[in-house]
Amino acid sequence: MGYKEQIDINRLPVHIAIIMDGNGRWAKNQGKFRVFGHESGVLSVKDIVEGCVDIGIKYLTVYAFSAENWNRPIDEVNALMELLISTINNEAETLNKNNVRLNAIGDLKSLPQKCIDDLANVMEITSKNTKCTLTLALSYSAKWEIIEAAKKLITQVQSQEINLEDINEEVFAAQLTTHHIPDPELMIRTSGEHRVSNFLLWQIAYTELYFTETLWPDFRREDLFEAIVDFQKRERRFGKISEQLN
Ligand code: IPE
Ligand code: IPE
Ligand code: MG
């Protein structure tokens with residue numbers, strides 16, 4: 001039996017987040033340039049989005065470019081930005097066909113203007129789609145996001161829009177870039193690295209983490225389904241004991 005058949009569709013994670021890692025090593029393993037790995041990684045994104053649509057995952061968030069990734073060699077950064085621009089434009093039609101809405105989080109204003117404009121355009125033309133929301137984390141840093149949220153709240157307290165005493169988890173989360181998205185139940189990282197690399201720190205407080213050795217360009221929907229089957233075997237206790245569940 002394949003992994004897809006083992007999935008209980010009544011207990012699907014609503015939101016899956018993925019740290020897509022290993023493109024560079026995948027290319028290097030074949031004696032190719034790193035950018036070839038990034039290009040191949042786009043095919044994985046396409047397959048995973050379609051896999052999510054196929055089984056009914058409502059939210060998929062992928063870490064495409066971190067704030068720290070600006071520190072890579074300039075040629076690689078430029079190639080990634082160009083790949084981003086060509087991919088969002090090439091995929092707009094398929095996103096619409098699959099009823100997928102495109103969204104983006106991160107310090108978007110630091111992206112090249114063409115990227116900002118094309119992203120806004122594709123987000124607009126897919127904004128009515130309802131099957132799945134695909135969020136690209138671009139120039140994203142969770143610490144940056146949390147600081148931005150804190151600044152917004154401080155400003156609101158100073159202008160007496162809200163009282164300091166009224167700030168709670170819900171009020172804080174409403175200031176994050178993910179305010180309209182539920183926290184992910186499952187986070188996947190490919191390529192054998194066991195770290196979070198400044199991704200969604202607030203939102204993953206109770207997320208199930210899944211690590212695989214598979215490099216991102218080799219990751220396909222069957223690997224996603226395997227991760228979901230693994231997720232569904234876990235007992236999520238949220239601080240309680242087993243006997244209190246059910
Ligand atoms: C992930 O693959 C893609 C981005 C971070 C943009 P990497 O480029 O980090 O690949 P490795 O980790 O060097 O193999
Ligand atoms: C994390 O991968 C960022 C993305 C997948 C976009 P990195 O490859 O940049 O992370 P580190 O540097 O190995 O932690
Ligand atoms: Mg990496």
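The values are calculated or read from the model by the stated rules, or taken from the named source; none is laboratory data. It should be emphasised that the depicted structure is a prediction, and the values quoted were computed from it without experimental measurement. Cβ coordinates were reconstructed from backbone atoms using ideal geometry, including for glycine residues, and neighbour counts include every protein chain displayed. Quick note on the areas: whole protein, heavy atoms, side chains included, nothing else; ligands and nucleic acids left out. Shrake-Rupley method; radii C 1.70, N 1.55, O 1.52, S 1.80 Å.
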Criterion: of a type in the set (V, I, T) and within 19 Å of N198 (Cα to Cα) - qualifying residue of I116, I147, I167:
I147
Take the residues in the stretch 157-207 that are open to solvent by 90 Å² or more (accessible area, probe 1.4 Å) and assigned to a helix (DSSP H, G or I), then tell me which one is farthest from V229 (Cα to Cα).
Q158
Among the charged types (D, E, K, R), in contact (Cβ under 8 Å) with a residue 12 or more places away in the chain and part of a helix (DSSP H, G or I): is that true of E82 in this structure?
no
Look at the stretch 1-35 and say how many of its residues are more than 16 Å from ligand 2 (Cβ to nearest atom) and either outside any loop (DSSP other than H, G, I, E, B) or surrounded by fewer than 20 Cβ atoms within 10 Å (Cβ to Cβ) (or both).
18
Which pairs have Cβ atoms under 8 Å, sit 6 or more apart or on different chains, and link a residue in the stretch 178-205 that is over 20 Å from E68 (Cβ atoms) and away from ligand 1 (no atom under 16 Å from the Cβ) to one that is of a type in the set (A, V, I, L, M, F, W, C) and in a loop (DSSP other than H, G, I, E, B)?
P182/V14; D183/I204; D183/A205; P184/L200; P184/I204; E185/V14
Does S40 count as open to solvent by less than 50 Å² (accessible area, probe 1.4 Å), of a type outside the set (F, W, Y) and either without any contact (Cβ under 8 Å) to a residue 12 or more places away in the chain or away from ligand 2 (no atom under 16 Å from the Cβ) (or both)?
no
Scan the stretch 127-154 residue by residue and report those that are open to solvent by less than 80 Å² (accessible area, probe 1.4 Å) and either among the hydroxyl-bearing types (S, T, Y) or outside any helix (DSSP H, G or I) (or both).
S127, N129, C132, T133, L134, T135, L136, A137, L138, S139, Y140, S141
Take N78 and decide whether it is among the polar types (S, T, N, Q), farther than 23 Å from D183 by Cα and buried (at least 19 other Cβ atoms within 10 Å of the Cβ).
no
Filter result (of a type in the set (A, V, I, L, M) and under 30 Å from I181 (Cα atoms)) within the stretch 14-41
V14, I16, A17, I18, I19, M20
Quick check, is E235 more than 16 Å from ligand 2 (Cβ to nearest atom), of a type in the set (D, E) and surrounded by 11 or more Cβ atoms within 10 Å (Cβ to Cβ)?
no
Quick check on the stretch 220-242. Is at least one of its residues part of a loop (DSSP other than H, G, I, E, B), farther than 30 Å from V157 by Cβ, acidic (D, E) and in contact with a helix residue (DSSP H, G or I) (Cβ under 7 Å, 6 or more places away or on another chain)?
yes
What are the pairs with Cβ atoms under 8 angstrom where one residue, in the stretch 155-173, is of a type in the set (F, W, Y) and the other, located anywhere, is open to solvent by 70 Å² or more (accessible area, probe 1.4 Å)? Sequence gap at least six, or different chains.
F172/W202
